[in-house]
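This report concerns only the one structure given below.
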Amino acid sequence: MREAAQRWSCAVETPFGEARLAGRVAPGYEPVADAFRENFARRGEAAASLHAIRGGREVVSLWGGPVDAERDWDEASLCVVFSATKVATALCVHLLAERGALALDAPVAEYWPAFAAEGKGAVTLDMVLDHTAGLPAVREPLKADCLTDHCYMADVLARAAPLFEPGTRTAYHPATGGFILAEMIRRVDGRTLGRFFAEEIAGPLDLDFWIGLPAAEEPRVAPIRHFVPEKGGTPTPFGAALRDKTSPQALFFFNHGDWMARGVNTRAGRAAEIGAASGVTNARGLARLHDALRPGGALGLTEETVARFARTTSATRRDGMLLQPTRFGSGFMHRMDNRGSAGRGSAGRGSAGRGSGGRPAAGDSFLIPDGAFGHVGAGGSFGFRDPGRDLSVGYAMTRMGEGFLVNPRGAALIDALAAACAGDAP
């Protein structure tokens, strides 16, 4: 019989004052707790949670934050997880596909005729899910509160022209894909994304996870601390591209409203149903959502659907938006090992073409095993499922880090979990 997880707690001095950490750790996973503590002591963590499930049992559940906050960070604390929300949104679409309400290889315009404008008639749901739809940003100037107004964004995207020929290039869609998928859900099901997710996924799984946070949950939410880059740093390829106001990078960075800068820490911003970014949960919610991504189980997913999650359908050496190597499946990020990569090349669906480019920012990797699938959120939050180790993990934090993918705090946790799993047969 396996030994039960043991209670764990400590206090640690951080640049933000004393933090109190607590949780539960199964025997053999103590180094994960050590890495969690080190994140606060040496890597600038402010408040965070980590949860891991192995072989159906909780092996790690940790949380912590400053002791002088308005309310202590505890097991029930929540925060916005940005693009880690994309898995929840994609899962809604996959459930509808399993039920025959839509087909992933069908054109979006089959369900949404206006979307065919400006040469988008052949864009399929598969292309939206794996970031090859060619619409990572739009040229039309957007209003300040655009991301909190679904109907407005749906109309804009219906009449927008692609930045790349659909199906020919991988270009990460930071926000647009979430609105396209949410509109598809509304058109074929009648419910909004947030309501569908609550009633069909979060409710049945008993998750503390919302896309469109109810007012009653607001007291549990901790504010996001935005990343502030150091002055005088070496420009990244993405940063250099911002000088060209017609580039996809500039069209997104300077034209997606003020939700990221201001709205994310407001009641209205957290109540918004932004399928690519506004999910509110914690590490436990992320881990338990990913643990349900198995054939059968509480959601009744088929073998074919789960296989789609792990199959890389879009890959490139130079992403048309992020300007670094990326790999995606049907709504999921896959392993991205960009350590030492020159970030070169440009490719479309399922390819790895060649070209020229710059070095990606340090730490811009997602070092999960091949065959695993999940998603990173801006600033470093993440969730993933590793079927090979029967491991499901969630990490959520309030202080955003550098880069597009996992920063050193998250990387330390993934490394520690990998080492612990190596010595623990499920």
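Here are the numbers for the structure shown:
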| quantity | calculated |
| --- | --- |
| Residue within the range 189-210 that is touching an Asp or Glu at 6+ places or on another chain (Cβ under 7 Å), surrounded by 16 or more Cβ atoms within 10 Å (Cβ to Cβ), of a type in the set (Val, Ile, Thr) and within 17 Å of ALA276 (Cβ to Cβ) present | yes |
| ALA97 crowded, with 24+ Cβ neighbours inside 10 Å and either at pLDDT below 95 or under 25 Å from the mean Cα position of the chain (by Cα) (or both) | no |
| Filter result for ARG267 (farther than 24 Å from MET127 by Cβ, more than 13 Å from the chain's Cα centre (by Cα) and at pLDDT 95 or above) | yes |
| Residue count for the range 301-334, restricted to those that are part of a loop (DSSP other than H, G, I, E, B) and touching a residue at least 24 places away in the same chain (Cβ under 8 Å) | 17 |
| Residues of the range 381-405 classified as closer than 19 Å to ALA261 by Cα and either at pLDDT below 95 or of a type outside the set (A, V, I, L, M, F, W, C) (or both), total | 7 |
| Given (1) more than 26 Å from the chain's Cα centre (by Cα); (2) of a type in the set (A, V, I, L, M); (3) more than 20 Å from GLY285 (Cα to Cα), number of the condition ALA35 does not satisfy | (1) |
| 1 or more residues in contact (Cβ under 8 Å) with a residue 40 or more places away in the chain and basic (Lys, Arg): qualifying helices (runs of 4 or more DSSP H) within the range 98-208 | 150-159, 176-189 |
| Residue check for ALA378: closer than 20 Å to MET260 by Cβ and either hydroxyl-bearing (Ser, Thr, Tyr) or at pLDDT 95 or above (or both) | yes |
| Single match in ALA298, ALA277, ALA283 (criterion: within 30 Å of ALA215 (Cα to Cα) and modelled with pLDDT under 95) | ALA298 |
| In the range 366-378, residue farthest from ASP415 (Cα to Cα) [restricted to those that are crowded, with 24+ Cβ neighbours inside 10 Å and not β-branched (Val, Ile, Thr)] | GLY377 |
| Pair list, Cβ < 7 Å and 6+ apart or interchain, from the range 25-52 residues that are closer than 15 Å to PRO408 by Cβ and crowded, with 21+ Cβ neighbours inside 10 Å to residues that are among the acidic types (Asp, Glu) and modelled with pLDDT of 95 or more | ASN39/GLU45 |
| Any chance ARG169 is buried (at least 16 other Cβ atoms within 10 Å of the Cβ), among the basic types (Lys, Arg) and over 30 Å from ARG318 (Cα atoms) | no |
| Scan of the range 221-242 for residues that are free of Cβ contacts under 8 Å to residues at least 24 places away in the same chain and assigned to a loop (DSSP other than H, G, I, E, B), ordered by number | VAL228, GLU230, LYS231, GLY232, GLY233, THR234, PRO235, LEU242 |
| Members of the range 25-59 found to be in a strand (DSSP E or B) and under 26 Å from LEU213 (Cβ atoms), listed by number | ALA48, SER49, LEU50, HIS51, ALA52, ILE53, GLU58 |
| Scan of the range 386-399 for residues that are touching a residue at least 60 places away in the same chain (Cβ under 8 Å) and either more than 13 Å from the chain's Cα centre (by Cα) or surrounded by fewer than 21 Cβ atoms within 10 Å (Cβ to Cβ) (or both), ordered by number | PRO387, ARG389, ASP390, LEU391, SER392, THR398, ARG399 |
| Unmet criterion (only one of (1) of a type outside the set (Ser, Thr, Tyr); (2) without any contact (Cβ under 8 Å) to a residue 24 or more places away in the chain; (3) under 29 Å from ALA48 (Cα atoms)) for GLU218 | (2) |
| From ALA22, ALA11, residue being over 21 Å from PHE382 (Cβ atoms), aliphatic (A, V, I, L, M) and either surrounded by fewer than 16 Cβ atoms within 10 Å (Cβ to Cβ) or touching a Pro at 6+ places or on another chain (Cβ under 7 Å) (or both) | ALA11 |
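The values are calculated or read from the model by the stated rules, or taken from the named source; none is laboratory data. What you are looking at is a predicted structure, and each value in this text was computed from that prediction instead of being measured. Reconstructed Cβ throughout: ideal geometry from the backbone, glycine too, with neighbour counts over all protein chains shown.
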